[in-house]
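One structure is given below, encoded as structure tokens.
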Amino acid sequence: MKWLRVLPRQCILLVTCLLMVLEAVPIDIDKTKVKGEAHVEGEKVENPDTGLYYDEYLKQVIDVLETDKHFREKLQTADIEEIKSGKLSRELDLVSHHVRTRLDELKRQEVARLRMLIKAKMDSVQDTGLDHQSLLKQFEHLNHQNPDTFEPKDLDMLIKAATSDLENYDKTRHEEFKKYEMMKEHERREYLKTLDEEKRQREESKFEEMKKKHGDHPKVHHPGSKDQLKEVWEEADGLDPNEFDPKTFFKLHDVNNDGFLDEQELEALFTKELEKVYDPKNEEDDMVEMEEERLRMREHVMNEVDINKDRLVTLEEFLRATEKKEFLEPDSWETLDQQQLFTEDELKEFESHISQQEDELRKKAEDLEKQKEELQRQHDQLQAQKQELQQVVKQMEQKKLQQGNPPAGPAGELKFQPPGEHKVGDAPKHPAGGDQPLPPVHVQEPAARTDQVHP
């Protein structure tokens, strides 16, 4: 049995998500109508991105451990507490030498990658004297004190880091969504300030009209209730609502046949409810809000059904939930448009934070503009000095010409020679004979005078 779980759409991975490999879950597929698509045992499943900065390292470690028969057998019998406590990590000492060697190599590659990231980050701020060992302490998914070998402590730290980081993923998404909504309202109010009274009233009326139109939708069933599941049974699965059977429903929507409904499989059950409220073609419907609504529905069902809080719903947990009163007679479900997502005080605090950030950015922009002006001033000054020097050189050359001295070249040499004067090596060449020397000239001696008196 494979042990890495395919992560939900929101990239949520907990310890139990490290135990099995699942196929990606399609939404609203009637398994009674699909033929020839059965899962093949041993088939390689592409794992989605967890969203963690050590995602690739996590996947590679899982893939290598999965190849060891002993470790895989221990996983099949281990419970959640054994994994969380680190007991399972100690089984690493019993895996094959080849697996340990490969894990050592993966860890060295990860440490090298982190060091490279640290150096790049520090270089960007022009810092010096990097202490990689101290900086590696900020990474909690590996043992930085031993950068060369993969030990049981490394597996324990990797599991706990992934668990902690991804347990907080939903909380982080809720906070980001809240900021998103406050930013929308902030921008809307800022826009209204730019309008005159008449246009402002028209915009306010349009805004209220769109809110009303968005809220005018069919009743949304309580997530996980009998009515909600029966609607999926009838409309998505194409089955008779009068023959609804919880056990059959569970097996139909356990898409990968692993005996669990994971978070992604649960979220697929809410598509019909979300389509009642959100339509991407409608201006008044926000798809970001739709995904937040989906997340809220999944969290609610998990809190109601997942007894051992392992982020998986077993058949036993599912059937037990169908026996509760809440399953048959649930409370009404309030959609996001029926809730106050933030208070005025929270919005004011958010706007104050935005204003502070804008002031900081404005100050940085002003500092950069001053630096630009100073650089331009220095550039202009250098250009003026250059022009002055060129003018001085020109005046000196003109003065030399007036005094009868030839102007000098860039290296101080004369540009031309006065008539009759040549520099050494500049003797004129003879037109005939090229560089050959002239033949010697024989001068005839004068004839002796006959009237010369000899002593």
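The values are calculated or read from the model by the stated rules, or taken from the named source; none is laboratory data. None of the values given here were measured: they were computed from a predicted structure. Using ideal geometry, Cβ is built from the backbone for each residue, glycine included, and neighbour counts are taken over all protein chains shown. Please note that ligands, DNA and RNA were not included when accessible areas were found on the heavy atoms of the full protein model with its side chains. Shrake-Rupley method; radii C 1.70, N 1.55, O 1.52, S 1.80 Å.
If you check Lys309 against the conditions, is it open to solvent by 100 Å² or more (accessible area, probe 1.4 Å) and either touching a His at 6+ places or on another chain (Cβ under 7 Å) or not in a loop (DSSP other than H, G, I, E, B) (or both)? The answer is no for Lys309. For Glu151, state whether it is in the same structural domain as Met116 (by the TED database), open to solvent by 30 Å² or more (accessible area, probe 1.4 Å), modelled with pLDDT under 95 and more than 26 Å from the chain's Cα centre (by Cα). Judged against the criteria, Glu151 is a match.
Looking at this structure, is Ala268 surrounded by 16 or more Cβ atoms within 10 Å (Cβ to Cβ), out of contact with any helix residue (DSSP H, G or I) (no Cβ under 6 Å at 6 or more places or on another chain), modelled with pLDDT under 95 and assigned by the TED database to the domain that holds Trp233? Judged against the criteria, Ala268 is a match. Applying the criterion of being more than 14 Å from Asp154 (Cα to Cα) and among the hydrophobic types (A, V, I, L, M, F, W, C) to the residues of the stretch 100-118, the residue that is surrounded by the most Cβ atoms within 10 Å (Cβ to Cβ) is Leu114. Only residues that are out of contact with any Pro (no Cβ under 8 Å at 6 or more places or on another chain), open to solvent by less than 100 Å² (accessible area, probe 1.4 Å) and touching a residue at least 60 places away in the same chain (Cβ under 8 Å) were counted across the stretch 333-380, and they come to 9. Leu135 passes every criterion in (1) assigned to a helix (DSSP H, G or I); (2) at pLDDT 80 or above; (3) touching a helix residue (DSSP H, G or I) at 6+ places or on another chain (Cβ under 8 Å) apart from (2). Being touching a Lys or Arg at 6+ places or on another chain (Cβ under 7 Å) and of a type in the set (A, V, I, L, M, F, W, C) is a property that holds for Leu341. When Thr67 is tested against (1) over 25 Å from the mean Cα position of the chain (by Cα); (2) modelled with pLDDT of 80 or more; (3) open to solvent by less than 70 Å² (accessible area, probe 1.4 Å), only condition (3) is not met. For the stretch 70-99, taking the residues that are among the basic types (Lys, Arg) and more than 21 Å from Asn143 (Cα to Cα), the one that is surrounded by the most Cβ atoms within 10 Å (Cβ to Cβ) is identified as Lys74.
Among the listed residues Asp258, Asp227, identify the single one that is open to solvent by 60 Å² or more (accessible area, probe 1.4 Å) and in contact (Cβ under 8 Å) with a residue 24 or more places away in the chain. The unique qualifying residue is Asp227. When residues in the stretch 274-300 are screened for being in contact with a Pro (Cβ under 8 Å, 6 or more places away or on another chain), open to solvent by 10 Å² or more (accessible area, probe 1.4 Å), in contact (Cβ under 8 Å) with a residue 24 or more places away in the chain and of a type outside the set (Lys, Arg), 1 of them pass. Taking the stretch 198-218 as the range and being open to solvent by 30 Å² or more (accessible area, probe 1.4 Å) and in contact (Cβ under 8 Å) with a residue 12 or more places away in the chain as the test, the residues that pass are Glu203, Glu204, Phe207, Met210, Lys211, Lys213, Gly215, His217, Pro218.
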